[in-house]
Amino acid sequence: MVSNAPARLTVLSGPSGVGKGTVVAEVRRRHPDVWVSVSATTRRPRPGEVDGVHYHFVEPAEFDRLIATDGLLEWAEYAGNRYGTPMAPVRERLAAGSPALLEIELQGARQVRARAPEAQLVFLAPPSWAELVSRLAGRGSEPAAVQEARLAIAQAELDAAGEFDVVVVNDDVARAADELVGLLTAPSPGLVPGE
Ligand SMILES: Nc1ncnc2c1ncn2[C@@H]1O[C@H](COP(=O)(O)OP(=O)(O)OP(=O)(O)O)[C@@H](O)[C@H]1O
Ligand SMILES: Nc1nc2c(ncn2[C@@H]2O[C@H](COP(=O)(O)O)[C@@H](O)[C@H]2O)c(=O)[nH]1
């Protein structure tokens, strides 16, 4: 199963509210051995989010330090906050021959492509624009102005779907998770980013 798959770095990207976190949670419910990177962010935690589990919640100065010490595989400013993938855990996973999954936005996906061209880039798309708007509003985790900002970014992200190796439509969580599991288990060459 997933734990026996060859080492591969997979990026899951897609607009805010499309369901990336939901689909990854379903994949991990079925396959707890799937390893997902925990990002660093300057965003404040939402209710229920746990430091070190959902994100490493850091102050801007600590994020500056991570950048300055080349501690991030990629990072981006998104809707007023910064987000980045800690480099060391990803390198350790891949060097040990184990796959790694990143759930990140478009700018970060582009940086991974430039730094690790063999990475598999997967775009999660909504079934429609109206459904994306409805999911983001329905989640209710951001005020209306922040939802608007995220939707403005989402337009550009949807336009970039063609840059990805695969597009998975999240019309149904179970079906999208099936597809993602298939991609995570597909054969690929090994890879250690930054080497
Ligand atoms: N296939 C689906 N059908 C209906 N609702 C869904 C589906 N997938 C996810 N959702 C719902 O959409 C909302 C947004 O999902 P989620 O938080 O996983 O999105 P996300 O892409 O991780 O967002 P962000 O990038 O902002 O973190 C949630 O309320 C979730 O329950
Ligand atoms: N470039 C990166 N993007 C990341 C990372 N971790 C998460 N994200 C993406 O940011 C947005 C907003 O996330 P939210 O939790 O505030 O809703 C979303 O698209 C995430 O996928 C990262 O390390 N690098």
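Restricting to Cα atoms and excluding each atom paired with itself, what does the Kirkwood estimate give for segment 9-185 in Å?
Final number for the Kirkwood radius of segment 9-185 is 16.6 Å.
Which percentage, to the nearest 5, of the DSSP beta bridges contained in the chain is antiparallel?
35
Which whole-number value in Å² is the accessible area per residue of segment 1-99, probe 1.4 Å?
46
If I take every Cα pair under 8 Å that is 6 or more residues apart in segment 9-185, average their sequence separation and divide by the length, what percent do I get for the relative contact order?
The normalised contact order for segment 9-185 reaches 35 percent.
Round to a whole angstrom and tell me the spacing of the C-alpha centers of segment 130-188 and segment 84-111.
Spelled out, the Cα-based centre of one part sits 19 Å from the other.
Figure the gain on full extension for ALA149 and GLU49 (residue separation times 0.36 nm, minus the Cα-Cα span) and round it to one decimal in nm. List each step's numbers first, then the result.
Values: separation 100, 0.36 × 100 = 36.00 nm, distance 2.16 nm.
Separation in residues times 0.36 nm, less the Cα-Cα distance, equals 33.8 nm.
Top to bottom by accessible area (1.4 Å), largest first, where do ILE67, ILE104 land?
Descending accessible area places them as ILE67, ILE104.
5 Å is the cut-off here: which amide hydrogens, built 1.01 Å from N in the peptide plane, fall below it relative to GLU103, excluding neighbours closer than 5 in sequence?
When sequence neighbours closer than 5 places are left aside, the close amide H contacts are LEU12, SER37.
So if each residue of separation counts as 0.36 nm, and I subtract the Cα-Cα distance between ARG139 and ASN81, what length gain in nm does that give?
The span from ARG139 to ASN81 would gain 19.0 nm if fully extended.
Could you tell me what percent of the accessible area of segment 33-133 is made up of carbon and sulfur, with a 1.4 Å probe and every protein chain present?
55
With the cut-off at 1.5 for a/c, could you classify segment 54-101 from its C-alpha gyration tensor as rounded, prolate or oblate?
Details: a/c = 2.53, a/b = 1.85, b/c = 1.37.
Judged from the Cα gyration tensor, segment 54-101 comes out prolate (a/c at least 1.5, a/b above b/c).
Within segment 28-128, what percent of beta bridges assigned by DSSP are antiparallel, to the nearest 5?
In segment 28-128, approximately 65 percent of DSSP beta bridges are antiparallel ones.
The values are calculated or read from the model by the stated rules, or taken from the named source; none is laboratory data. Keep in mind the model is a prediction, meaning the values are calculated, not measured. Accessible surface is based on the protein model in full, side chains and every heavy atom, while ligands, DNA and RNA are left aside. Shrake-Rupley method; radii C 1.70, N 1.55, O 1.52, S 1.80 Å.
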